[in-house]
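Working notes, beginning with the structure itself.
FYI, it's all coordinate maths here, none of it is from the lab. In this text the structure is predicted, and so the values were computed from the model without any measurement. Ideal geometry is used to build each Cβ from the backbone, glycine not excepted, and the neighbour counts take in all protein chains shown.
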Ligand SMILES: *Cc1c(COP(=O)(O)O)cnc(C)c1O
């Protein structure tokens with residue numbers, strides 16, 4: 001039985017059925033911006049393997065850091081032990097994030113980092129005598145992960161409605177509609193202000209993806225929204241959580257998406273590109289003030305501790321990745337990626353099936369009325385040698401930050417071809433989301 005045949009019968013893939021599953025390709029290696037298939041073909045990874053491969057695949061410095069660490073200490077429980085990679089990573093990460101966020105919790109995935117952020121907010125509110133402030137205010141169109149608390153904080157009309165029965169009900173403000181790069185419309189934050197005012201006594205924290213709502217909406221919104229959000233949180237004693245897991249690490253241009261607004265949250269989550277896409281690791285950062293508040297509560301301990309917390313191999317990968325972020329001028333390269341995408345893709349607005357084209361930093365989104373068929377998508381991938389994974393009504397690229405102009409051109413040509421194909425006419429399937 002070939003690997004692909006066995007895979008089809010026994011292994012679930014993300015958001016995929018085991019009955020007549022969508023095709024998967026057999027990857028055998030990867031290097032730089034390319035994924036190498038078992039038959040020797042190469043595909044440009046225009047998705048950065050779900051947005052994490054920032055420095056390119058199998059970066060020699062990260063591979064070497066993991067190899068060296070693996071010879072000394074692959075894992076040790078973080079309860080009762082610490083180790084050099086964790087301490088070194090904490091120092092590097094704290095120096096890299098906005099000033100004032102200098103307490104860190106290492107989690108094993110982005111979803112867990114968000115769960116940890118939410119628990120920090122609830123423990124801090126409880127510690128100051130507000131255990132009843134145990135709900136969150138999130139944004140429609142947002143996405144914060146797939147575990148049950150994260151689902152409950154993500155777009156309430158999104159892909160998780162099936163699980164309504166097990167999800168706690170939180171509060172949602174309207175999806176920010178004032179687009180990045182347009183003039184600020186103060187009314188855009190009215191719904192946020194109203195919700196926070198009406199339910200302030202129940203809300204521990206506001207959570208959002210700053211500027212770039214990724215997996216659920218591919219929405220780029222006005223940074224002024226975040227300044228209003230910060231002010232409203234301060235006025236109501238509400239904590240502010242920024243989920244930078246998708247948008248952080250130069251994806252939208254500056255180092256953090258919050259840099260567009262110069263606003264610092266009380267709690268921030270990072271993940272995805274933290275290890276440059278080499279091993280799974282995420283982190284939740286907060287201020288000394290929030291950490292002290294939690295420590296003064298009962299219990300004083302922060303109540304979370306995953307088995308693989310601060311795994312040394314993952315920490316070593318993240319240290320090497322942060323060194324690369326510090327030594328590479330990604331801001332300049334992301335600017336080049338942004339203008340190359342803009343030049344090629346903005347004209348697609350004229351196509352009949354195209355609703356909108358949005359570009360910011362190394363994010364390019366072509367929103368269509370309806371995606372082309374799966375057969376057309378596969379054909380474009382094979383013809384152009386460019387890996388795309390459109391979902392919902394979005395054809396998008398979030399390529400590695402090292403991509404040169406030739407790579408961006410090839411990705412843009414593939415997107416142009418795909419956006420020009422006729423929309424699918426067969427009924428939509430469950431595979432509508434990432
Ligand atoms: C991907 C993502 C998550 C979840 O991260 P996982 O590592 O997949 O658990 C959370 N928040 C945002 C904004 C994300 O893009």
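Structure data summary
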read-out	value
All-pairs Cα distance distribution in the chain, expressed in whole percent, bin size 20 Å	25, 59, 16, 0
Cα coordinate range in region 70-162, projected on the principal axes (Å, largest first)	47, 34, 27
Cβ crowding within 10 Å averaged over residues, with 335-341, 167-173 ranked highest first	335-341, 167-173
Where labels lie 7 Å past Cα in the beta-carbon direction, separation of residue 2 and residue 373 in nm	2.2
Rounded to 5, percent antiparallel among DSSP beta bridges of the chain	70
For peptides 386-394, 71-79, 188-196, sequence by mean Cβ density within 10 Å, most packed first	386-394, 188-196, 71-79
Debye log10 I(q)/I(0) for region 14-93, one point scatterer per Cα, at q = 0.11, 0.17, 0.18, 0.26 Å⁻¹	-0.50, -0.90, -0.94, -1.22
Sequence ranges 91-102, 359-370, ranked by mean other-Cβ count within 10 angstrom, highest first	359-370, 91-102
Globularity index of region 141-207, i.e. its alpha-carbon radius of gyration over 2.2 N^0.38 Å	1.24
Per-bin percent of Cα-Cα distances, region 52-104 [5 Å]	4, 15, 17, 21, 22, 15, 4, 0
Cα shape, region 177-325, gyration tensor, a/c 1.5 rule	oblate
Gyration tensor verdict on region 125-264 (Cα atoms; rounded if a/c is under 1.5, prolate if a/b is larger than b/c, oblate otherwise)	oblate
Percent of alpha-carbon pairs separated by more than 20 Å within region 2-60	37
Cα-based shape type of region 247-339, given that a ≥ b ≥ c are square roots of the gyration tensor eigenvalues and the cut on a/c is 1.5	oblate
